[in-house]
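Working notes, structure below.
Where a number appears in this text, it was derived from the coordinates with a stated rule and is not lab data. Keep in mind that what you see is a predicted model, and the values were worked out from it rather than measured. Glycine gets a Cβ as well: all are built from the backbone with ideal geometry, and neighbour counts include every protein chain shown.
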Amino acid sequence: MIPPELSVVVPVFNERDNIPPLVGEIVAALRGRTPFEIVYVDDQSRDDSLAVLQSLKAQVPELRVLRHVTQSGQSTAVRNGVKAARGAWIATLDGDGQNDPADIPKLLAARDAAAPEVKLFAGWRVDRRDSGSKRWASRWANAIRARMLRDDTPDTGCGIKLFERAVFLDLPYFDHMHRYLPALVQRAGWKTVSVPVAHRPRTAGVSKYNNLDRALVGIRDLRGVAWLITRSRRTAVEER
């Protein structure tokens, strides 16, 4: 079987009402444009997200469904989806439907126009459609992150990203790593680009995070990523 050129990885937890429309939008955005697959990773949802996904497989041949044996969080779901993916390039989307799959072709076009050393194209939500408190918390977190990591990325929390699979799998893995991909990719010696994308309000389900928990975890993670950057060593390798 010829592998697809692109794998779209979507982590989900209790998103049963958002799954069918999002899958339909991914298909509409990509079918006929590039060979692709959709890899959903269900993180032990307590609703019937898994049953909804399994029923969609009969209608969407590009759809693959993975399920965690134990609940493990978004970063682990993304990583396991990438490990299972067959495409050389990965697009990620949040499972809540706030990312627009119609932006994936925009990221692909940015990749095709970029230099080969650019390995991550990060979505940049220029018009956030979240609550005021969530937008404020995000601005505060982005400012602190930019000051500490100097990753030149205005929005690392955006779920829609495009990156090379091999580069991602070479990065150090830890919980919440998906929030620091630009800094980690740059640490590995590659370049990153931010691409303006759409952002939509949540129409079903509820957010799985609160601002305080995210802030407390983020402070600890920032220190760890900053430490990783200071300890990084890179060199070219020759076979002799």
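Of the residues Thr230, Thr156, Thr76, the one that moves most in a GNM of the chain with alpha-carbon contacts below 10 Å is Thr230. By DSSP, the beta bridges lying fully in the chain are antiparallel in about 25 percent of cases.
Computed from phi, the 3J(HN,Hα) profile of segment 151-159 under the Karplus parametrisation 6.51, -1.76, 1.60 (θ = phi - 60°) reads 8, 6, 10, x, 8, 7, x, 5, x Hz, with x in place of Gly and Pro. Sequentially through segment 38-52, phi angles give Karplus couplings (6.51, -1.76, 1.60; θ = phi - 60°) of 10, 10, 8, 10, 8, 8, 6, 4, 8, 8, 9, 3, 4, 5, 4 Hz, Gly and Pro residues having no value and appearing as x. Here the peptides 191-204, 27-40 are ranked by packing, the mean other Cβ count within 10 Å, and the order with the highest first is 27-40, 191-204.
Between the amide H of Ala114 and any residue lying 5 or more places away or on another chain, no distance stays under 5 Å, with hydrogens modeled in the peptide plane. Count Lys and Arg as plus one, Asp and Glu as minus one, and take only other residues whose Cβ is under 14 Å from that of Glu62; the net charge is then +2. For Leu63, the residues 5 or more places off, or on other chains, whose built amide H falls under 5 Å of its own are Ile38.
What is the sum of charges, Lys and Arg at +1 and Asp and Glu at -1, for the other residues whose Cβ falls under 12 Å from the Cβ of Pro35? Its environment carries a net charge of 0. GNM on the chain, alpha-carbon springs under 10 angstrom: the most fluctuating residue among Arg16, Arg147, Arg128 is Arg147. As a ratio to 2.2 N^0.38 Å, the alpha-carbon radius of gyration for segment 6-230 is 0.96. For Asp94, the amide hydrogen comes within under 5 Å of the amide hydrogens of Asn99, Gly159, Ile160, counting only partners 5 or more places away or on other chains and with H modelled in the peptide plane.
Put +1 on the Cβ of every Lys and Arg and -1 on every Asp and Glu Cβ in the chain; which of His176, Ala166, Met1 then has its Cα farthest towards the positive end of the dipole? Going by the Cα projections, it comes out as His176.
Residue-wise HN-Hα couplings along segment 234-240, as the Karplus relation 6.51 cos²θ - 1.76 cosθ + 1.60 with θ = phi - 60° gives them from phi, are 10, 7, 6, 10, 10, 8, 10 Hz; Gly and Pro carry x. Extending 7 Å from Cα along the Cβ direction at Ser207 and again at Ala115 yields two label points whose distance is 3.7 nm.
The local environment of Ala88, defined by Cβ-Cβ distances under 9 Å, has a net charge of 0 under the rule Lys, Arg +1 and Asp, Glu -1. The count of lysine pairs in the chain whose Cα atoms are under 30 Å apart, excluding pairs fewer than 8 places apart on the same chain, comes to 23.
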